[in-house]
Amino acid sequence: MKSRVEDLAIFGGEPAFKETLHVGRPNIGDRHRLIERINRMLDERWLTNNGPYVQEFERRVAEMLRVKHCIATCNATIAMEIAARALDLKGEVILPSMTFVATAHALQWQQITPVFCDVDPATHALDPRRVETMITPRTTAILGVHIWGRPCNIDALTEIATRRNLRVLFDAAHAFGCSHKGEMIGNFGDAEIFSFHATKVLNTFEGGAVTTNNDELAEKIQLMRNFGFAGYDDVIYIGTNGKMSEVAAAMGLTSLESLEGIVATNKRNYDHYRVSLDGIDGVNFLQYDENQRNNYQYVVITLDDELTGISRDQMIRILWAENIMARRYFYPGCHRMEPYRSYYPHAGLVLPETNVLTDCVLQLPTGTNIGVEQIELICKIFKIAMLHSVEISRLLDGRVAVDLQASEGIPK
């Protein structure tokens, strides 16, 4: 049992875990049910092209979210690109830099200029007051991100978009199964985009979807994800290949059946972390609104190094040495990644809150692969580091930092 500084792996002790604990390790669900579906798919030899599993998956997601249309895609980035094209977005789109880089790339890939706006430090989401100041004659849309599964300020962003005659999209990659004022995420704006990547609370191995209550928009997106085909040999619109495969939908259906249990496990883990780390000065937990539906997929804290005596990056090094692969989402911010740091070298001047958050946010491992005993040990290591922060910080400052960049290209 670790209790002293010298027991920490970074200073020569044995790592706390032999098997690496990851943020976002996939939730598998009922393996036997998945294999049954895959066998049926193989027997029927319908592997793609809007097969029965894809149609069932779209129908069940739409029913759960109580939204008119769910259009499943091969991934969320393609879903975002198709939605932006279907809405005829051009010029500039306002979005946060505090997001996974794919959000910005989906725009830039289509020669739409991403305009990075600062966030509210309390929510980590777009600050509507700042959005208003970023609108120019070239602005065509606002793209809000429901970061950590908590809704961004939907009402204020929608009001601005309506008043300024702009489109409004929401990146809901983190927010499947979450709600806002009693209404499920997926029903807001012109459209919302979900990710079903392997790291998400609901996964299809790799996948995404666009949800909307706009019939005309849904029809256009359905055409565009399948090369513009309206029927056999009848292409009526420009399109791409954004279709979800049958095996992905089979995994999605299996995940849907397991979702309640996955969320319950996430909630248990979140509560245990929060209780175990409660009362440590400078360690602040991201809170969820218990009056709304949450998926609790993200255990997020911020570290105030003036109070803790140890920085976020030093804490990361300590945890990684113990095989606890905590993450510093969304470091360093899209505006400090290519091509954006070359295109907009001074963007950081208008993103002070983003710059602070990307240097202090820490995400801890959770999910169905993590149990209470493992969380107890993670928190024990955390407490040792906090208790001896001055000594540890001094020792770490004398060492060469490990490369934290290498494993931080995993989708959000």
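Worth a mention:
Yes or no, residue by residue, for (1) open to solvent by 30 Å² or more (accessible area, probe 1.4 Å); (2) at pLDDT 95 or above; (3) among the charged types (D, E, K, R); (4) on the phi > 0 side of the Ramachandran plot:
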{"residue": "D305", "(1), (2), (3), (4)": "yes, no, yes, no"}
{"residue": "R317", "(1), (2), (3), (4)": "no, yes, yes, no"}
{"residue": "I324", "(1), (2), (3), (4)": "no, yes, no, no"}
{"residue": "M337", "(1), (2), (3), (4)": "yes, yes, no, no"}
{"residue": "D359", "(1), (2), (3), (4)": "yes, yes, yes, no"}
{"residue": "Q374", "(1), (2), (3), (4)": "yes, yes, no, no"}
{"residue": "D397", "(1), (2), (3), (4)": "yes, no, yes, no"}
{"residue": "Q405", "(1), (2), (3), (4)": "yes, no, no, no"}
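- Taking the listed residues E192, E219, E206, E260, the one that is surrounded by fewer than 20 Cβ atoms within 10 Å (Cβ to Cβ), within 17 Å of the chain's Cα centre (by Cα) and not small (G, A, S) is E206, with no other qualifying.
- Strands (runs of 3 or more DSSP E) contained in the range 200-287 and holding at least 1 residues touching a residue at least 40 places away in the same chain (Cβ under 8 Å): 208-212, 283-285
- Taken residue by residue, the range 235-257 has no member that is at pLDDT below 95, open to solvent by 30 Å² or more (accessible area, probe 1.4 Å) and at positive phi.
- Flag if N187 is within 30 Å of D30 (Cα to Cα), touching a helix residue (DSSP H, G or I) at 6+ places or on another chain (Cβ under 9 Å), polar (S, T, N, Q) and surrounded by fewer than 21 Cβ atoms within 10 Å (Cβ to Cβ): yes
- Across the range 315-346, the qualifying residues are those that are assigned to a helix (DSSP H, G or I) and in contact with a Lys or Arg (Cβ under 8 Å, 6 or more places away or on another chain), and the one among them that is farthest from R129 (Cα to Cα) is I316.
- Qualifying residue in the range 335-353 (condition: within 21 Å of Q287 (Cβ to Cβ) and touching a helix residue (DSSP H, G or I) at 6+ places or on another chain (Cβ under 6 Å)): no
- Of the residues making up the range 78-134, those that are part of a helix (DSSP H, G or I), β-branched (V, I, T) and touching a residue at least 60 places away in the same chain (Cβ under 8 Å) are I78, I82, V101, T103.
- Among the residues of the range 95-116, the one identified as over 18 Å from the mean Cα position of the chain (by Cα), among the hydrophobic types (A, V, I, L, M, F, W, C) and either farther than 29 Å from L223 by Cα or open to solvent by less than 10 Å² (accessible area, probe 1.4 Å) (or both) is I112.
- D43 among the acidic types (D, E) and exposed (fewer than 15 other Cβ atoms within 10 Å of the Cβ): yes
- Of the residues making up the range 305-314, not a single one is out of contact with any strand residue (DSSP E or B) (no Cβ under 9 Å at 6 or more places or on another chain), among the β-branched types (V, I, T) and assigned to a loop (DSSP other than H, G, I, E, B).
- No other residue among R328, R293, R341 is closer than 20 Å to M98 by Cα, surrounded by fewer than 21 Cβ atoms within 10 Å (Cβ to Cβ) and under 19 Å from the mean Cα position of the chain (by Cα) apart from R328.
- Which listed residue is more than 19 Å from V210 (Cα to Cα) and in contact with a Gly (Cβ under 9 Å, 6 or more places away or on another chain), from R138, R129: R138
- Within the range 4-43, the residues that satisfy the criterion of being in contact with a helix residue (DSSP H, G or I) (Cβ under 7 Å, 6 or more places away or on another chain), over 19 Å from L259 (Cβ atoms) and assigned to a loop (DSSP other than H, G, I, E, B) are L8, G12, G13, P15, A16.
The values are calculated or read from the model by the stated rules, or taken from the named source; none is laboratory data. All values derive from a computational prediction rather than experimental measurement. So basically every Cβ, Gly included, is an ideal-geometry build from the backbone, and we count neighbours across all protein chains shown. Just so you know, the surface numbers come from the protein's heavy atoms only, side chains and all, with ligands and any DNA or RNA stripped out. Shrake-Rupley method; radii C 1.70, N 1.55, O 1.52, S 1.80 Å.
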